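The structure appears below as structure tokens.
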Number of protein chains: 2
Amino acid sequence: MTFIDTLNAAWRKNNSLLCVGLDPDPAKFPAHLQGKPDAIFEFCRNIVDATSDLVCCFKPQIAYFAANHAEDQLQALIAHVHATYPGVPVILDAKRGDIGSTAEQYAIEAFERYQADALTVNPYMGKDSVDPYLAYPDKGVILLCRTSNPGGSDLQFLDVGGKKLYEHVADIIARDWNTTGQCGLVVGATFPGEIARVREIVGDMPLLVPGIGAQGGDVEATLNAGKAAGGTGLIINNSRAILYAGKGEDFADASRLAAQASRDLINRYRN
Amino acid sequence: MTFIDTLNAAWRKNNSLLCVGLDPDPAKFPAHLQGKPDAIFEFCRNIVDATSDLVCCFKPQIAYFAANHAEDQLQALIAHVHATYPGVPVILDAKRGDIGSTAEQYAIEAFERYQADALTVNPYMGKDSVDPYLAYPDKGVILLCRTSNPGGSDLQFLDVGGKKLYEHVADIIARDWNTTGQCGLVVGATFPGEIARVREIVGDMPLLVPGIGAQGGDVEATLNAGKAAGGTGLIINNSRAILYAGKGEDFADASRLAAQASRDLINRYRN
């Protein structure tokens, strides 16, 4: 089954647009995990086990694993998700971007070594830098379009012939890059008007939306702006508010409650 | 000593603008290394030992290590360069790019775990996505500007208010991002006129130039277009033609000859 098919099924089966972002920061782990050699795997596995029926996907952020010399734990974590929750896809958040021969190596890293179902990719180097990922027909390729960090506007907001660069990126990906239906876009939640603009350009393409705050208003505006037909089309990422909801040995219970609240808040505005 | 100071000293001491790119592809290794558990380290160490007096820096491409589960070999390789050839800086080619909190993790990966002296970074997410690397005052940050792959023009050639996007990127980095003098730019060698345009915009900022072919014309045009005062300012990368110059047990001797020829060809047009 392709990433897109698995995602579509997970949206429906778990009745959820929520993506739990796995950004494990050992300094924030509960005391009983501190200093254990496989603490990162154990922390993430507990979060996964506590939330797998509440999410449409998981999104490990590779930088947190790489900074901690924990590639093997990332590999074990993704293998655990696949073995235990086969209907829940894994997006590896790595924002890779390089020329074709190097992109082939990054594709091997993401799709063969880690067995991720989808990968985030940076579009700055153009279509041929993305083709090596698209060469894996079952995999998803989620391209940066509009990011909600303060500096996101430095380039993405430039005017290119009457539209903004991020609109142009959405347009060429929808028209020229996504011939096989494998693509999605990253669009930050800060400005709902921009999500609406991207949705208008790309039709039903999946949008990965980071930056949702704790406020219901943001969620409502994001849903109104970005949902596709059938109240799907969005992968709404929440990391820290779920990962670090609890501090004790029962931290995963607190994470489950936070994930449930997040999913339910999103669902309030889906239909 | 900062990356820029070490690079300046290496340009002069080794009388070289040549960067040997370490893109280890095990399928291309000599027969006697095939199948060895530390083949990637051994291959690269031999290349480093054979060429260290001929280069201004080394540039390992992390994708080749990651695809082969060889992070520890990358770490050992960079440690070997630093211990044995302390005057030769190491640029980790990883083209990272993410929001601040994640960029902090990538900075830990590159500068603390791998002890790289400089890192390549993608500018698409804007200045605040680059600040965490610049927070390491001794390190270099080499930003993608104009890449020479066929799709490089998809975004980089867009007109933004009367200039091309890559010119705008060069301009904002030189004016606004490089306040501490730590930045360099990646500018591909395919079109010397574009190197000249970037040099005009950024003054003496170091330019990392991949894509030099075997033809003297390209090297001459690149040097004429891109050299800064004193015949320096360029980091001219050559990977495959040097790494895979020989096929036998004496492969590193062939690599040395190829590196020497490449350095000498570059030097013919420096002054």
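Just so it is clear, none of the values below were taken in a lab; they were calculated from the coordinates. Bear in mind that the values here come from a model prediction, so they are computed numbers and not experimental data. We place every Cβ from the backbone using ideal geometry, glycine too, and count neighbours over all the protein chains shown.
Here B:K227 meets the list (1) closer than 16 Å to B:L54 by Cβ; (2) within 18 Å of the chain's Cα centre (by Cα); (3) basic (K, R) almost entirely, failing just condition (1).
Identify all residues within the stretch A:132-152 that are crowded, with 19+ Cβ neighbours inside 10 Å and either facing chain B (nearest Cβ under 7 Å) or of a type in the set (A, V, I, L, M, F, W, C) (or both); write none if there are none. Those that are crowded, with 19+ Cβ neighbours inside 10 Å and either facing chain B (nearest Cβ under 7 Å) or of a type in the set (A, V, I, L, M, F, W, C) (or both): A:L134, A:V141, A:I142, A:L143, A:L144, A:C145, A:T147, A:N149, A:G151, A:G152.
Going by the structure shown, is A:V198 more than 14 Å from chain B (Cβ to nearest Cβ), in contact with a strand residue (DSSP E or B) (Cβ under 9 Å, 6 or more places away or on another chain), in contact (Cβ under 8 Å) with a residue 24 or more places away in the chain and closer than 23 Å to B:I99 by Cβ? When the stated conditions are applied, A:V198 passes them.
Output the residues belonging to the stretch B:44-54 that are without any contact (Cβ under 8 Å) to a residue 40 or more places away in the chain and either surrounded by fewer than 21 Cβ atoms within 10 Å (Cβ to Cβ) or among the aromatic types (F, W, Y) (or both). Selection gives B:R45, B:S52, B:D53. Restricting the stretch A:26-54 to residues that are in a loop (DSSP other than H, G, I, E, B) and touching a helix residue (DSSP H, G or I) at 6+ places or on another chain (Cβ under 7 Å) leaves a set whose member that is nearest to the other protein chains (Cβ to nearest Cβ) is A:F29. Name every residue in the stretch A:83-95 that is more than 28 Å from A:P123 (Cβ to Cβ) and either touching a Gly at 6+ places or on another chain (Cβ under 6 Å) or not hydrophobic (A, V, I, L, M, F, W, C) (or both), in order of residue number. Within the stretch A:83-95, A:T84, A:Y85, A:P86, A:G87 qualify.
Do you know which of the residues in the stretch A:92-108 that are touching a residue at least 12 places away in the same chain (Cβ under 8 Å) and in a helix (DSSP H, G or I) is surrounded by the fewest Cβ atoms within 10 Å (Cβ to Cβ)? Once the filter is applied, the top-ranked residue is A:G100. Put simply, of A:I172, A:I99, A:I78, A:I108 the only residue that is more than 11 Å from every other protein chain (Cβ to nearest Cβ) and hydrophobic (A, V, I, L, M, F, W, C) is A:I78.
Does the stretch B:80-103 contain at least one residue that is closer than 20 Å to B:F41 by Cα and of a type in the set (D, E)?
First, pick out the residues of the stretch B:80-103 that are closer than 20 Å to B:F41 by Cα: B:80-86, B:88-94.
If we keep only those that are of a type in the set (D, E) too, we end up with B:93.
Scanning the stretch B:80-103 turns up at least one residue that is closer than 20 Å to B:F41 by Cα and of a type in the set (D, E).
Each residue in the stretch B:148-174 was checked for being hydroxyl-bearing (S, T, Y) and over 22 Å from B:K127 (Cβ atoms), and 2 pass.
Sort out which residues of the stretch A:1-37 are β-branched (V, I, T) and surrounded by fewer than 16 Cβ atoms within 10 Å (Cβ to Cβ), and write them in order of number.
The initial filter retains those residues of the stretch A:1-37 that are β-branched (V, I, T), namely A:2, A:4, A:6, A:20.
Passing the criteria: none in range.
Residues in the stretch A:55-73 that are of a type in the set (A, V, I, L, M, F, W, C) and assigned to a helix (DSSP H, G or I) were compared, and the one that is surrounded by the most Cβ atoms within 10 Å (Cβ to Cβ) is A:I62. Residues in the stretch B:111-131 that are surrounded by 24 or more Cβ atoms within 10 Å (Cβ to Cβ), of a type in the set (A, V, I, L, M, F, W, C) and more than 9 Å from chain A (Cβ to nearest Cβ): B:A116, B:A118, B:L119, B:V121.
Among the residues of the stretch B:74-89, the one identified as touching a His at 6+ places or on another chain (Cβ under 9 Å) and surrounded by fewer than 24 Cβ atoms within 10 Å (Cβ to Cβ) is B:Q75.
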